[in-house]
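Structure first, commentary second.
What follows is calculated from the coordinates using simple rules that are stated; it is not laboratory data. Not measured: the values here are computed from a predicted model. We place every Cβ from the backbone using ideal geometry, glycine too, and count neighbours over all the protein chains shown.
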Amino acid sequence: MMTKSAHFTLSLLFPTLALFGLYSLISLGHNTSRNNNSKKEDAQHPGYYEQWFQEKKDANGQIPAFLRSKWAQYDAKKLDRRAGTNPIDTIIELGPNNVAGRTRALWIDPRNEKIILAGAISGGLWRSENGGTSWKPTNEQEVSMMPSALTSNPYNPNEVYYGTGESRANSADVDGEGVFKSTDGGKTFQQLASTIKLNGFNAIWDIEHSKIDSQTLFVGTNNYGLYRSIDGGATWAIAYNGGNKQVTDVVCLPNGRVMATMQSNLIVASDSNGKPGTFKTVTFPSAPNAGTYRTVQLDYCHKFPKVVYAVFEGFAFDAAPVAFYKSSDGGITWKAKTPPTAAGPGYQAYCMVMGVHPTDTNRVVVGGRDICRTSNGGTSWTPLDIGHSDHHSFAFLPKTTNEFLMGTDGGVFKYQWSSTAIAANLNNGYRVTQFYCGGYGPSGMVGISGAQDNGTQVTEKPLVSQRFFGGDGAYCNIGQQDGSIAYMSYQNDAIHVMNNFTSNNPGNTTKIVDPRFTTDGVDFINLYEMNLADQNMVFYRTNKYLYRTMDMGYTWDQMTTSLRAGIKAIGISRQENPVVYFGGTAAQLYKIEHAATAIPGKEVNYNSSVPSAVTNDLIKGMTVHPKNPYVLYVAFSNISNDPRVWRVTGLDSVTNKPLWKNISGDLPPGLPVNMMAVDPYRPDEVFFAGTDFGLYYSIDSGKTWSKDYRVPNVAVHEIEMRDDRTLFVITHGRGMFALPLVYMEEPVSVSKFRRGPSIKLYPNPSSASISVRGAMSMSNRSYRIYNLQGAVVSEGRFGDSGAIQTAALPNGAYFLQLDGDNSRAITSKFIVQH
C-alpha cells in the first residue's frame, strides 16, 4: 500500500499560484496508501490464515462476501423493538495503549500535516490531529473495520475515500464492505451504497483518485479487475479486466495517465484517464517473466511527476525484490536499476510498499519485511532501522518534506529522508492490537494476551502493559490460586512457563514442550487450557491427541487414544479433579471424568448425540457451567445459518444421550460465535457470546440477544469470565477489555431483567426535539442518550413536557435509555436529521 499523492499540471488550473504552493495544496490532495494483498489460494505468509479459514469456512468451503452488511441490517431492525437491562455495567479498555497492529493505509491532510488517518486491519480507521502524538477511532461501530487503502480528491481534500477488505494476510483475513466516503476531511464516513455487494468490492487492494478530473476515481479489486467511477463513487464501471484481474496497484499521473499492475501477470496503462478500452501493456527492458514475480509497486515524484519508479517483488516466499526500474518520461520507457534486496522478502504479496520523495527524484524508500532507501535513483541502497517488521503503507508529510511515515505490522513510524534512524514511534493511543487469545489475573485489571507479530502482552492496569514474550503471541494463562505462575506460548508448539510471575516484571521462562508435540503436529496458534482450580494442571492439544501435565509442564501424559478429527476446543470444570470436555472439527465432543487422576484412553465419546444440523460444523468454544460440571455451553465458529450456540445437559449420564438445546435465539443468521461465557450468579439465564461481529448478551436463557454497542465492532476471539463477575474480552484488532457486570449482592431471578413497557419516540427522525409516547409517566424520569460508539452524548431528567432537545446533536443514529419501573432500563433507537 504505497502512498500516491494527487498531482497534475497545476498551472493550468491555478495560474495565480506558485508551482510549489500548488503542489502542496493539490498534488498532496492525497497521500494514498494502497494495500498489498494476494489471492487466497496463494501461499500465505506463515501464519494464522489456514487455521482461521478452517475455522470459518461454510459448508461449500467458502467465506461468503458482504456478510457484515447483512448482520448490521439484522441488528438494526432489532434495535427498534428491543428493551431490557444490560447486565454489563462498564467497559474498561485494557489496551495495550501503544502496541499497534497491521496498518495497510495512511493518509495525511495536504492542508494540515498534523491530521493523519491510519487504516488498521481489523481495528478500523483512526484519526490523529496532532501529527500522530495521539489517536482516536473514527467510528467503532462501522460495518467494516477493515480499511485497506485511502485516497482523497485533489480538487477538494474534504472528500476522502477508503476501501475495505484484505485478501492477503496472516490473520484476520476478513472481507470488506465496499468503499466509504467522507465529505468533512476524514472526520466521519458513509458507506457508498453503490459498492455494497458490488463484485470485487469485498477485497480492495487499492483506491486512487484521478489528478485531472474531480469526480473520477479507481478501485483495484482482488479478482474483478480495475473499476472506474466518473461521478464521485455514485456509480461504477469496469475499466480493465484483462490479465488475471488481480489489480494490486493503481497510480494516476497528473497528465491523465493511469497505470495498473496485475500480480505475477502484467502492467497496463491508459493515457485517457482510464477510460475503458484504452489500456495497453507496459513493457520493461529485461523484465521478469510473468509468474516469476509477485506484486509490482509504482510511485512517482510529485514535484517532477515524469519520474516514475517500479519495484518487482520476488516470487518465492522468502525472495527479495528481483527488479527495480526508473522512468523519466511518465512511465513510457524504463531503465533497469539495482534491485532493493535490502528490503527483504515481501512474503508473496503480504508486505511490499514503495514511496518516492515529493521533491527529490533520486530518493526512494522500499519496504518489505525490512526497509531500505536510495539517494541516487536506485544505483545503491542503504538499510534503515526497523520500527517493526513487515511494511505495508507509506505517506510523506506535505510541508515537512524531509519526513515520511511507514505503516507496519506494529503500527506507524516516522522517518527522515536524511537519516537511517527512526525519528518517532507514533503508536501512543493507537490501540489496534490483534490478539488471538488471552486470559486474566486472579484480581484487578491484570490481563495477558497473545498478539499477531507482537508477542505476549501483559496488562498491569488499564492501558499500561509490557511485552513479556516474542513472536506471534498465542495461548496464555495466569494461575488463579496466587497469580505466581503464568503460561505463555508463541507460534506452533512453543509453550513456556514462568515462575514468580508478576504483571510488571518480565522474568525468565522455561520451555515445556514435549517432543511428541512436534511429532503429532500442532496448529499455528495452538490451543491449551489451564485448570482454573489448579494452576499446575494444563491440557494441551495436538493434531492427534490430548495431553495433560500436573507439574507445570515438566512431564506430560497422553490422555486419549484415537480421535476422529482435530481438537479445537477444551472446556474444564472448576474443580481440582475436573471434568474435561474437548472437541472441534466435525462437531466432535468427548469427556474425561476425574481428569486429574484418569488414565489414558478413558474418554467418553458423545459424537452420536450431536444434532444433525451441526454434525459437519466446528466447535471453537466450550464453557463449563460454573456450578454444574455436567452442563456445557458450546459455540460454533464456522459460517452457517444453523444454530451457533448450544446448551448441552445430561453429560453425567452413562446410558442416555446428552440433550442439546439451541440457545441461539435471534442472533444474526450465519454469524460465527467463537466463545461463550455465563454470569456466575445466573449461569442458566445470562449469557455472553464473542462473535466475529462484536459482543452479544442474553438475559433470558438465549431466547433473545442484544449487541453491546459500547464494545467495538471487531472480531471477538475469546471471552473469559472471572469468578468476581468480570468479563474479559479479547479482540483481534482492538486489544483487550474488562467488563464488570452490574452489581448484585446475590443471585436473583431473571424476571428482574424482563423487558420494560414498550415506548415510541416521535418524531423519528427528529431535528429539534424528541418525545416519548407510552404508558409510563416521564416527569422527572432520568435518561441517557448514547451514540453508536457507546458514548453518552446527553443525559438528564424529563420535565413535564416529556420532550428531550436534540438540536445540538449531529446527524446520525442514537439510543435513548430510560430508567424504567422496578429498576428496568428501556432502550430505543432514534435518528437525528437536521
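Between A290 and T561, what is the FRET efficiency for a Förster distance of 56 Å, r being their Cβ-Cβ separation, to the nearest 0.05?
0.65
Extension gain, Q73 to I238: 0.36 nm times the residue separation minus the Cα-Cα distance gives 56.6 nm. For A613 and I196, a Förster radius of 35 Å and the Cβ-Cβ distance give a FRET efficiency of 0.70, rounded to the nearest 0.05. Pull up the cross-link candidates among the lysines for K57, meaning alpha carbon to alpha carbon under 21 Å and not fewer than 8 places away within one chain. Straight-distance partners of K57: K39, K40, K70, K197, K568, K620.
Full extension of the chain segment joining K306 with K399 gains 31.3 nm, where the gain is 0.36 nm per residue of separation less the Cα-Cα distance.
Seen from a random direction on average, the alpha-carbon convex hull of the chain projects onto 34.3 square nanometres. Taking a sphere under 10 Å around the Cβ of S489 and counting the other residues whose Cβ falls inside, with K and R at +1 and D and E at -1, yields a net charge of -1. On the beta carbon distance between N505 and E50, with R0 = 30 Å, the FRET formula returns roughly 0.25. Charges were assigned to the Cβ only: +1 to each Lys and Arg, -1 to each Asp and Glu. The resulting dipole of the chain about its Cα centre is roughly 1700 debye. With the charge dipole of region 435-659 set up from +1 on Lys and Arg Cβ and -1 on Asp and Glu Cβ about the Cα centre, the Cα lying farthest toward the positive end among the listed residues P626, N500, N526 is that of P626.
Summary value for the chain: 11 percent relative contact order, contacts being C-alpha pairs under 8 angstrom separated by 6+ residues.
How big is the Rg/Rh ratio for region 63-202, C-alpha atoms only, Rh by Kirkwood, two decimals? Here the Rg-to-Rh quotient is 0.99. Taking every Cα-Cα distance in region 435-659 and sorting them into 5 Å bins starting at zero, the pair-distance distribution P(r) comes out as 1, 7, 15, 19, 20, 17, 12, 7, 3, 1, 0 percent. Under 29 Å of direct C-alpha separation, and excluding same-chain neighbours fewer than eight residues apart, K399 reaches these lysines: K4, K114, K136, K181, K187, K211, K303, K306, K326, K414.
The Cα center of region 368-445 and the Cα center of region 562-610 differ in position by 45 Å. Within the straight-line cut-off of under 16 Å between alpha carbons, the aspartates and glutamates reachable from K275 are E208, D213, D231, sequence neighbours fewer than 8 places apart in one chain being disregarded. Here the spin labels are modelled as points 7 Å beyond Cα on the Cα-Cβ line, and at E576 and T379 they lie 7.7 nm apart. For N156 and S272, the difference between the fully extended length at 0.36 nm per residue and the C-alpha to C-alpha distance is 39.6 nm.
Remark: spin-label model distance T338-N656 equals 7.9 nm, labels positioned 7 Å along the Cα→Cβ axis.
Dipole of region 563-716, Cα-centred, from +1 at each Lys and Arg C-beta and -1 at each Asp and Glu C-beta, to the nearest 20 debye? Don't skip to the answer; put the middle values down first.
Working: 15 positive and 13 negative charges, 29 e Å.
Dipole of region 563-716, to the nearest 20 debye: 140 debye.
Highest mean first, what order results for 268-276, 499-507 on Cβ atoms within 10 Å?
Numbers: 268-276: 19.3, 499-507: 14.7.
Order by mean packing, descending: 268-276, 499-507.
In this rough spin-label picture, where each label sits 7 Å from Cα along the Cβ direction, the K703-T90 distance is 3.3 nm.
Both the radius of gyration and Dmax for region 174-217 are 11.5, 34 Å, in that order, over alpha-carbon atoms.
Positive contributions from Lys and Arg (+1) and negative ones from Asp and Glu (-1), summed over other residues with Cβ under 11 Å from the Cβ of V610, come out at 0. Amide H contacts under 5 Å for L589: Y606, N607, restricted to partners 5 or more places along the chain or on a different chain, H placed in the peptide plane at 1.01 Å from N. Quick one: Debye curve from the C-alpha atoms of region 219-339, no solvent, what's log10 I(q)/I(0) at q = 0.10, 0.11, 0.15, 0.18 Å⁻¹? Here log10 of I(q) over I(0) equals -0.29, -0.35, -0.65, -0.92. The ranking of E140, E460, E50, E166 by Cβ neighbour count inside 10 Å, starting from the fewest, reads E50, E460, E140, E166.
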